[in-house]
Structure formats: structure tokens, C-alpha cells
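K.L.:
This is the structure I have questions about; it appears just below.
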Amino acid sequence: EYVGRLEDHEVSMLAWLEPPFEDHAAVNPVLRLRVTVAARTRRAVTLRFRGPGPDGGLRMAVPGGWIDRPRSRIYHPTFWSLNPWGVVGVDAPHALALASSWPTAVAVDDEWVDIVVARNARRERAFGFLPLLATPAAGDEPDPVVSELAIWHPSPSGLDPAALSRTARAVRPALSTNAPFELDRTDMEIAAITAAPSLDATVLRIRALSRSAIGNTVTLTVPSWIDTPGAWIADARGRRIETGDDAAPWVDNEGRLRVLIAEPYTTIVLPYRSWTT
């Protein structure tokens with residue numbers, strides 16, 4: 001465990017090893033990391049460690065499949081989106097697989113791997129000073145952020161994208177360590193949790209992990225400060241989708257929120273409860 005200051009940032013980091021999962025015997029021991037840090041304004045905090053070297057490419061999960069990416073493109077370093085897994089050095093003797101509890105970004109060069117663990121930026125800037133007309137990533141987050149990572153060396157057979165997805169689901173840190181939301185099904189997961197101040201709500205994205213999961217209903221456990229009956233389905237940009245009564249979220253007899261998962265990704269808006277009424 002490490003607690004201290006790094007360039008005016010208060011940092012707490014805990015690292016530990018876990019043995020391979022019994023149902024994934026080809027996986028080497030998993031290194032777990034939990035980093036707590038608050039990024040200063042216009043700063044991103046990254047976790048840096050040595051990679052597998054200059055050999056091999058970068059393979060990453062994308063919605064609906066996977067893609068092989070170059071280590072850099074236009075910018076150096078180039079940060080690629082990481083959600084939920086990525087592999088550095090696919091063709092190298094000792095590839096390195098990564099999984100994160102939150103959607104984040106990773107950059108790779110011939111020696112180092114950098115993973116973003118906290119970010120506090122009001123507006124995306126090119127070259128550190130030129131504001132972009134489009135804002136692909138922005139948001140204020142002055143409070144401490146907890147990021148959890150899993151790092152392991154996959155076996156040669158474990159580099160198959162389908163095998164990587166199965167292993168990543170087994171070793172990936174749970175989002176419930178960061179927020180009190182839980183699902184009652186193992187074939188679905190919470191892919192993202194976002195605060196939406198303009199809606200006075202929290203936005204969740206639920207991902208179906210298999211085709212057979214689509215069309216099923218999941219029970220969502222939410223904290224007491226969520227107005228459960230006020231939940232509604234949205235598109236990827238947070239705009240309300242008009243659904244019929246059979247597709248809208250509903251509350252069962254035990255007060256639990258039930259959501260029909262009709263697409264590979266389902267976005268649900270959870271308004272905050274009003275304590276004045």
C-alpha cells in the first residue's frame with residue numbers, strides 16, 4: 001500500500017495478487033490495483049508501468065467485437081478508449097492484458113503503458129492549449145476518484161478475443177465498489193455510470209453480455225436517494241425514448257426497479273429523489 005503526494009496530488013494506491021480463477025486455468029495470477037486520487041483542474045492522472053516492449057500490437061474491445069489499433073496515431077502519446085479490456089503486445093512473447101472498473105483510456109509506447117485513473121478537464125484541448133470545437137471528453141471531477149484495475153499475462157490460447165472477453169468478465173473489478181448499483185443477472189453488466197447535473201439524475205448504461213440476454217428483464221438495486229418510479233429509458237445522448245408500458249421501467253411489489261433489456265446497450269436515467277416532498 002502507498003499513500004503520499006505526487007506532483008501536488010494526494011494519492012492512495014493498494015496492490016495485491018490473486019491466484020488464477022479455477023474456471024480460467026490458463027490465466028496467470030492477476031495483479032489488482034486500487035488507486036484513489038483527485039485530479040487538479042485541467043489535469044489527468046495516469047498510472048504508468050513497464051509494458052511488454054516494442055513488439056506486438058494493441059488489441060481492444062469495442063461495442064460488438066474487437067479491433068487491432070496502432071500504438072500511436074497523429075498524437076504522441078495516443079490515448080485509446082479502454083472498456084472493458086485491452087491487450088498490449090498481442091504478438092509479443094509476454095502480452096499484457098488490462099481490465100478496468102470504469103471506461104478509461106490507455107496509451108502505449110515501446111517501454112511504458114499509461115492508464116488514466118482520474119481526469120478533471122472542463123474542455124478538451126489539442127497540444128495542451130488549443131480548445132477543440134468538438135468536445136469528445138470533458139467534465140469537472142474535483143473530488144477523489146477510485147479506479148480499480150486488473151492486469152494479467154494471458155496464455156497464447158487466451159489471446160482469442162472470445163476468450164479475452166470471458167476472462168475479462170471474470171477478473172474485471174466490479175463497478176459496485178464505486179457506486180451502490182447492482183444487477184441480479186450475470187449475463188449483463190453496468191458498463192458506465194455518469195452524473196447528469198442538467199437532468200438532476202444519474203445515468204446508467206447496461207450492457208448485455210450475450211445475444212440470449214437481450215429481451216430479458218433485469219432487477220436493478222439502487223440507493224435510497226434515487227426516485228425509482230421516475231426512471232426512464234434514454235438513447236446514448238441522454239434523450240428520452242418514448243416507450244410503451246410494456247418496455248418502460250417499472251417497480252415491482254417489493255419496491256425493486258425492473259428494466260427490460262431490449263438492445264445490446266440500454267441507457268436508463270435515474271432521477272434524484274426530492275427530499276422536500
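K.L.:
Report, by residue number, each residue of the stretch 30-43 that is under 16 Å from the mean Cα position of the chain (by Cα) and more than 19 Å from Thr167 (Cβ to Cβ).
P.N.:
Residues satisfying the conditions are Arg34, Val35, Thr36.
K.L.:
Could you list, in sequence order, the residues of the stretch 68-84 that are assigned to a strand (DSSP E or B) and at pLDDT below 85?
P.N.:
Arg73, Tyr75
K.L.:
While we're on this one: So which residues in the stretch 86-101 are open to solvent by 10 Å² or more (accessible area, probe 1.4 Å) and touching a helix residue (DSSP H, G or I) at 6+ places or on another chain (Cβ under 7 Å), if there are any at all?
P.N.:
Once the filter is applied, which keeps residues that are open to solvent by 10 Å² or more (accessible area, probe 1.4 Å) and touching a helix residue (DSSP H, G or I) at 6+ places or on another chain (Cβ under 7 Å), the stretch 86-101 yields only Val90.
K.L.:
From the list Val45, Val3, Val90, which one is in contact with a strand residue (DSSP E or B) (Cβ under 8 Å, 6 or more places away or on another chain), at pLDDT 75 or above, of a type in the set (Val, Ile, Thr) and part of a strand (DSSP E or B)?
P.N.:
Answer to the selection: Val45.
K.L.:
May I pose another question? Write out, first by first residue and then by second, each pair whose Cβ atoms fall under 8 Å of each other, whose residues are 6+ apart or on separate chains, and whose first residue, in the stretch 248-268, is at negative phi and of a type in the set (D, E, K, R) while the second is exposed (fewer than 15 other Cβ atoms within 10 Å of the Cβ) and at pLDDT below 85.
P.N.:
Arg256/Thr221; Arg258/Val251; Arg258/Asp252
K.L.:
Can you tell me which residue within the stretch 52-66, out of those that are assigned to a loop (DSSP other than H, G, I, E, B) and within 21 Å of the chain's Cα centre (by Cα), is surrounded by the most Cβ atoms within 10 Å (Cβ to Cβ)?
P.N.:
Pro63
K.L.:
Search the stretch 197-255 for residues being of a type in the set (Ser, Thr, Tyr), touching a strand residue (DSSP E or B) at 6+ places or on another chain (Cβ under 7 Å) and at pLDDT below 85, and hand back the single one that is nearest to Arg166 (Cα to Cα).
P.N.:
Top of the filtered list is Thr221.
The values are calculated or read from the model by the stated rules, or taken from the named source; none is laboratory data. The structure presented is a predicted model; accordingly, all values stated were derived computationally and were not measured. Please note: Cβ atoms are built from the backbone with ideal geometry, for glycine as well, and neighbour counts cover all protein chains shown. All accessible areas refer to the heavy atoms of the entire protein, side chains included, with ligands and DNA or RNA removed. Shrake-Rupley method; radii C 1.70, N 1.55, O 1.52, S 1.80 Å.
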